[in-house]
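First the structure, in the form of structure tokens, and then the observations on it.
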Amino acid sequence: MPYCTNCGRKLNDGEVCGCRDAAQQQVQPQQPYEQQPWGYPQNGQPYPNPPYPYPYPYPYPQIKPVAYDGTPLPPPPKPSKMWLLAIIIPFGLFFIALLVLFFAVYMPSARSYSNKAKQRNINSVASGIRSAANDTLNELDIEEEWVMGDYIIISNNALNVYVGFDEEKFYKKEEFHFADLDKYEYFIVVEDGKPVYAAVSESWHDKKAYIGTYPLEYDKNTYYYAPVKYSAKGEKVFVKDKETLNDLYEYAREEFEKKLDMKMYKEER
């Protein structure tokens, strides 16, 4: 017996299966394509019906989340920025600690270095003035001025002690041997015609002004050569911080008088 080649149904002799006709009837004819009012431009032409070039209105409607019971859910929480603080605060504290350590270590050492530099400078000035006075006295001696003996020469000649020669001539010659002499106040102790001690500062009465002397003494506490006072016995007494040049002069004058008294006592014996 024959069978249908399409659906496989058993056919009688001479029978034609109608499955093809049924299949053609079930197929719907394709509708012709109609251009929608929206679409993309073709050949540079504008949209047919602006302003909707998309299949449905834009922007899309927002869908609010709801719970199972239909109640709207609260908006999600904003992302926290506490992690920034967790990074910034430790680094900030570390930076502040470094600054504190820097100022605690560097500033005192820098201040100490600056003070030592200023002290060295004024000490060199005292040494220079003493050397200039020595050269000046030698020149006066060559000019047959009486420079021998013990006396004190001061930048303010009204306070000179036991000077027996022309003071104005001494000051003029000393300015030649030491530049910028008028910027400083000083006094020089002379023994047997030789300057043995000099003290200099920028002010007579300012307690903050640095004082330089000749000679100096190495201070084990400060690790640099510090100024000392004039002593009749040759003792090395350090100058205190709050002492002025006038204080050193008064101290030196008392010691100088003591030394003269001891000399006179020895000569009388």
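The values are calculated or read from the model by the stated rules, or taken from the named source; none is laboratory data. Remember, it's a predicted structure, so these values are computed and weren't measured experimentally. All Cβ positions, glycine included, derive from the backbone under ideal geometry; neighbour counts span all protein chains shown. The accessibility values were calculated without ligands, DNA or RNA, using every heavy atom of the protein model including side chains. Shrake-Rupley method; radii C 1.70, N 1.55, O 1.52, S 1.80 Å.
Go through Ala199, Tyr249, Tyr230 and say which Cα lies farthest out towards the positive end of the charge dipole of the range 145-269; charges sit on Cβ, +1 for Lys and Arg, -1 for Asp and Glu. Towards the positive end, the residue furthest out is Tyr230. All other residues whose Cβ lies under 15 angstrom from that of Tyr184 are scored, Lys and Arg at +1 and Asp and Glu at -1, for a net of -4.
Taken one residue at a time, the phi angles of the range 191-197 give Karplus couplings (6.51, -1.76, 1.60, θ = phi - 60°) of 10, 6, x, 10, x, 10, 8 Hz. Gly and Pro are set to x.
Where the accessible area of the range 112-269 is counted over protein heavy atoms with a 1.4 Å probe, how much of it, in %, is carbon and sulfur?
Looking at the range 112-269 in its full context, I get 47 percent from C and S.
Distance between the 7 Å Cα→Cβ label points at Leu73 and Ile142: 10.9 nm.
Convex hull of alpha carbon positions in the range 127-269: directionally averaged projected area 9.1 nm². For the range 126-140, the Karplus equation 6.51 cos²θ - 1.76 cosθ + 1.60, evaluated at θ = phi - 60°, returns couplings of 4, 5, x, 5, 5, 5, 5, 5, 5, 5, 5, 5, 5, 5, 5 Hz by residue, with Gly and Pro reported as x.
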